[in-house]
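Structure first, then comments.
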Amino acid sequence: MRVAVLAGGRSSEHEISLASGEAVRDGLRRAGHEVLDVRIARDGRWSHEGRPLSVVPGEGLLDADVAFPVLHGPYGEDGTVQGLLECLGVPYVGAGVLASAVCMDKLVFKQVMAQAGIPQVEHAGVEDVRWRNERAAVLGELERLGLPVFVKPVALGSSVGIVKVSAPDELGPALDQAFAHDPRAIVEAMANGLEVECAVMGDREPLASQPGEITVHAEWYDYEAKYTPGGMELVVPARVPDAVRERVRELAVQTFRLVGVSGLARVDFFVDGDEVLVNELNTMPGFTQTSVFGKLFEASGVPYDELLDRLARYALERSERERAYRH
Ligand SMILES: Nc1ncnc2c1ncn2[C@@H]1O[C@H](COP(=O)(O)OP(=O)(O)O)[C@@H](O)[C@H]1O
Ligand SMILES: [Mg+2]
């Protein structure tokens, strides 16, 4: 296959995407595919082999059979690029427009999960306009969550903009900071216990990996812990009872289907004893060879290169299926 790998992007996760993109290009080549290197600069400009890239709706992308948007965060993992790829008419790896958008928005994602009775942390959404006009009322409503809480912009990744608040007077500044990124924030009660992650892949019948456990030296899994060498350690399988491990895998697949993801996802959990809470679903998790997603499948018997090969094939399968629908 001729696979166009899109990397970079407009979000603060630009550099991480470049590293993921390089690993994906190498792996696809080793799996026998032809690779086209498409870069998206921080300002949003696309290029291929150093030259600006223009696209025409309906005319595909560089004659690629499949596009692989290895992009994280806003304008990459949130349905925008997926929408453009739909307009170009090129099959692409990973979630479509709606699922990408839902999973990028922590509040909407939690609302969808709540509707289906999926266990998750107590939380509340806060809008910047309300925060400006009714500060005291907002603070009063947030009291039910207790302390500590995690304050987050609703649509970022890599822990950017997230603050753990342990004292009442830190809550206001944390919200102010969240609103520098997004007009909406989410405030969550703190979950105790382990952080467990489960990788999922497939089209209509997704397959869950062995769950892995994240251990960090820091207080929580912040940006530093994620990207400083040695900042985190992945233990596979997670050190939880068999029944809990199965519950994680089952919830991972259930969540994947509920939001209508396709291709791949990494579903993240908090596990406290027997209690398993869904934290979030990442539609394009970190994708280097040492990233959690690849390691979880490697530990489950699917080596990295084969994983990439399968993902490209799922993209074709989905595109063929969707083309058969009448609209
Ligand atoms: N409600 C919570 N309880 C405990 N820890 C949390 C909670 N929310 C976030 N964290 C910590 O912050 C990290 C990043 O939060 P997350 O919601 O996963 O954002 P991101 O999309 O940036 O990864 C988590 O991996 C965890 O360490
Ligand atoms: Mg996370």
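Is there a residue being within 16 Å of ligand 2 (Cβ to nearest atom), among the basic types (Lys, Arg), under 22 Å from Ser100 (Cα atoms) and surrounded by 19 or more Cβ atoms within 10 Å (Cβ to Cβ) anywhere in the stretch 176-197? Looking through the stretch 176-197, none of the residues is within 16 Å of ligand 2 (Cβ to nearest atom), among the basic types (Lys, Arg), under 22 Å from Ser100 (Cα atoms) and surrounded by 19 or more Cβ atoms within 10 Å (Cβ to Cβ). Please determine whether any residue of the stretch 126-137 is within 16 Å of ligand 2 (Cβ to nearest atom), not assigned by TED's automatic domain parsing to the domain that holds Thr80 and not in a loop (DSSP other than H, G, I, E, B). Scanning the stretch 126-137 turns up no residue that is within 16 Å of ligand 2 (Cβ to nearest atom), not assigned by TED's automatic domain parsing to the domain that holds Thr80 and not in a loop (DSSP other than H, G, I, E, B). Applying the set (1) closer than 30 Å to Arg39 by Cβ; (2) in contact (Cβ under 8 Å) with a residue 12 or more places away in the chain to Glu86 leaves exactly one unmet item: (2).
Considering each of Asp128, Asp182 in turn, give the residue that is within 15 Å of ligand 1 (Cβ to nearest atom) and either out of contact with any Phe, Trp or Tyr (no Cβ under 8 Å at 6 or more places or on another chain) or farther than 15 Å from Trp220 by Cβ (or both).
Values: Asp128 fails: within 15 Å of ligand 1 (Cβ to nearest atom).
Only one candidate passes the filter, namely Asp182.
Kindly provide the set of residues from the stretch 271-327 that are of a type in the set (Ser, Thr, Tyr) and within 16 Å of ligand 2 (Cβ to nearest atom), ordered by number.
Within the stretch 271-327, Thr283, Ser291 meet the criteria.
Examine the stretch 238-254 for a residue that is within 16 Å of ligand 2 (Cβ to nearest atom), in contact with a strand residue (DSSP E or B) (Cβ under 8 Å, 6 or more places away or on another chain), at pLDDT 95 or above and closer than 24 Å to Leu98 by Cβ, and state whether such a residue exists. Yes, some residue in the stretch 238-254 is within 16 Å of ligand 2 (Cβ to nearest atom), in contact with a strand residue (DSSP E or B) (Cβ under 8 Å, 6 or more places away or on another chain), at pLDDT 95 or above and closer than 24 Å to Leu98 by Cβ. Taking every residue in the stretch 109-125 that is surrounded by 18 or more Cβ atoms within 10 Å (Cβ to Cβ) and pairing it with any residue that is polar (S, T, N, Q) and assigned to a loop (DSSP other than H, G, I, E, B), at least 6 positions away or on another chain, the pairs with Cβ-Cβ distances below 9 Å are Lys110/Gln120; Met113/Gln120. Could you tell me whether the stretch 177-197 includes any residue that is touching a helix residue (DSSP H, G or I) at 6+ places or on another chain (Cβ under 8 Å), part of a strand (DSSP E or B) and closer than 30 Å to Glu317 by Cβ? The answer is yes, given that some residue of the stretch 177-197 is touching a helix residue (DSSP H, G or I) at 6+ places or on another chain (Cβ under 8 Å), part of a strand (DSSP E or B) and closer than 30 Å to Glu317 by Cβ. Listed by first and then second residue, the pairs linking a residue in the stretch 248-273 that is surrounded by 24 or more Cβ atoms within 10 Å (Cβ to Cβ) to a residue that is of a type in the set (Lys, Arg), with Cβ atoms under 7 Å apart and 6 or more places separating them unless they lie on different chains, are Ser262/Arg318.
For every residue, the table says whether it meets (1) outside the structural domain of Val165 (by TED's automatic domain parsing); (2) away from ligand 1 (no atom under 13 Å from the Cβ); (3) touching a strand residue (DSSP E or B) at 6+ places or on another chain (Cβ under 8 Å).
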residue	(1), (2), (3)
Ala199	yes, yes, yes
Ser209	yes, yes, yes
Glu213	yes, no, yes
Val216	yes, no, yes
Glu219	yes, no, yes
Glu224	yes, no, no
Thr228	yes, yes, no
Gly231	yes, no, yes
Val235	yes, yes, yes
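Set side by side, the residues Gly157, Gly146, Gly161 differ, and just one is at positive phi and surrounded by 21 or more Cβ atoms within 10 Å (Cβ to Cβ), which is Gly161. Annotation note: Cβ proximity below 6 Å between a residue of the stretch 18-36 that is under 15 Å from Thr288 (Cβ atoms) and a residue that is surrounded by fewer than 19 Cβ atoms within 10 Å (Cβ to Cβ) and acidic (Asp, Glu) (sequence gap 6+ or interchain) occurs for Gly27/Asp305; Arg30/Asp305.
The values are calculated or read from the model by the stated rules, or taken from the named source; none is laboratory data. All of these numbers come straight from a predicted model, not from anything done at the bench. Glycine also receives a Cβ, built like all others from the backbone with ideal geometry; neighbour counts cover every protein chain displayed.
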